[in-house]
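> Let me begin by handing over the structure; questions about it come next.
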Amino acid sequence: MAQESEQPLVLIHAARVFDGNSIRTDASVLVVGGLIAKIDAREAFKSSTAKVIDLGDATLLPGFIELHAHIGFQHVPADIVLKHGITTIRDVGGPLHKPYGGDGSLRVLTSGPIITAPGGYPIPELGSENIAIAVSTERQARETVRALIHGGAVVIKVALEPGGEAGSPWASEHHHTDSGQDHPHSKNNRPLLPENIVRAIVDEAHKQGRKVTAHIGEAKGAKIAVDSGIDEWAHIPCSVIPEALLKKAVERNIKTVTTLDILSKCPAVADNARTLAALGGKFLYGAEIAHPDIPWGIDAQELMEIMRMTDMQAIDALRSATSESGSHLNIPLLGTLQSGAPADMIAVKGDPVHAFKTLEYPDFVMSGGKIVVNNF
Ligand SMILES: [Zn+2]
């Protein structure tokens, strides 16, 4: 084992430390190599020989985890996303890669292409190269899941989207033929994967320890997702979902990635979010980075919308973007500041609980123990 003294030791003091669960006012964080070695009262490090970074009246937090992005498909620069506070991104729909980064660069986890029905969403909108794979039998579905996991997928994504939800960002595409006619499958009648095929996808993914997330936006797709054992909705649905179905989703422990900022024009999204929250549903932060309306980094508006539409407290919104997302990814220490966690951290001056906007421009960013931004 390497001697501790051979690795760079960095001790970070800040007036406030959000450790992924709660805010502490007496804590300092010791980083050794790429990991957090210890978080304790400032006093406890009095005799440490580590290099000290004193952030003063600032708040240190875990780097944010963005669970719904498409940076590979849309060529969003990873270094900009990292400088703006996201240290881990999960690309759900785009080129497949084994996990990489996290060592001074953005940590990127991928699902690879989205599994859909032949001619299903998003093929008419975006084509099929790198973004979608059509399957038409259970066998094909299972083979596809195995191939994706073999190629590095940390999660499997399916699309269950008939299209046409008023206000949704995916309803406003412009794919008309030269004659001005719509595509053969009209925008609100895309074919959907049947439940038996989605069940096969879920079964195969679960066998290999992967969750399945579903792009859904309305009740037909949501019902298939719930009935086939999907683990996660990649959006809070845009259109009205009957309360009985939302209740079933919560009972089956389906978690929902928020993406409320890009869905702000959906008339039913607020009601769906409030009902899910009232039923005890769990939300995870995701803003859909790569969508043209979303900043390349932390989206303060997303955090605001999460608080407004789900009645979460600020601290719960921060948890949804850090510790709870880490657990959801089966990387329990990710998104926390505790011994053994990756040294992925951000800091802002003052207290972000009262000014989420500051999180979009952190004054300090560390990835895997390497300093990426330091304006202190
Ligand atoms: Zn998306």
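> For the chain, what is the percent of antiparallel DSSP beta bridges, rounded to the nearest 5?
Within the chain, antiparallel bridges account for around 45 percent of the total.
> Loop only by DSSP, 12 or fewer other Cβ within 10 Å of the Cβ. Give me the trypsin sites (Lys or Arg not before Pro) in the range 11-108 that pass, ordered by residue number.
Filter output for the range 11-108: LYS46.
> As a test of the formula, what do you get for the chain when each DSSP H run with n ≥ 4 contributes -39,500 (n - 2.57) and the sum is divided by the residue count, at 222 nm and rounded to the nearest 500 deg cm²/dmol?
It comes out at -6500 deg cm²/dmol, rounded to the nearest 500.
> Going by average Cβ neighbours within 10 Å, how do the peptides 338-344, 231-237 rank, with the highest at the top?
231-237, 338-344
> Please give the FRET efficiency for SER22 paired with ASN196, using the beta carbon to beta carbon distance and R0 = 51 Å, rounded to the nearest 0.05.
0.70
> Give the long-range amide H neighbours of GLY104: residues separated by 5 or more places, or on another chain, with amide H under 5 Å away, using H modelled in the peptide plane at 1.01 Å from N.
Amide H to amide H, under 5 Å and 5 or more residues apart or across chains, GLY104 pairs with SER367, GLY368, LYS370.
> Additional query: Once the mean 1/r over all distinct Cα pairs of the range 205-345 is inverted, what Kirkwood radius in angstroms do you read off?
15.5 Å
> How high is the relative contact order of the chain? Use alpha-carbon pairs under 8 Å, at least six apart in sequence, and give a whole percent.
With pairs under 8 Å counted, the relative contact order is 21 percent.
> Something else: Can you give the charge dipole size of the range 276-376 about its Cα centre, rounded to the nearest 20 debye, using +1 on the beta carbon of Lys and Arg and -1 on the beta carbon of Asp and Glu?
That gives the range 276-376 a dipole magnitude of about 260 debye.
> While we're here: At q = 0.09, 0.11 Å⁻¹, what base-10 log of I(q)/I(0) does the Debye formula yield for the chain when every alpha carbon is treated as an equal point scatterer in vacuo?
Relative scattering, expressed as log10 I(q)/I(0), comes to -0.51, -0.74.
Since every read-out is calculated from the coordinates, none of them should be taken as a lab result. Nothing here was measured: the structure is a model prediction, and the numbers come from that model. Please note: Cβ atoms are built from the backbone with ideal geometry, for glycine as well, and neighbour counts cover all protein chains shown.
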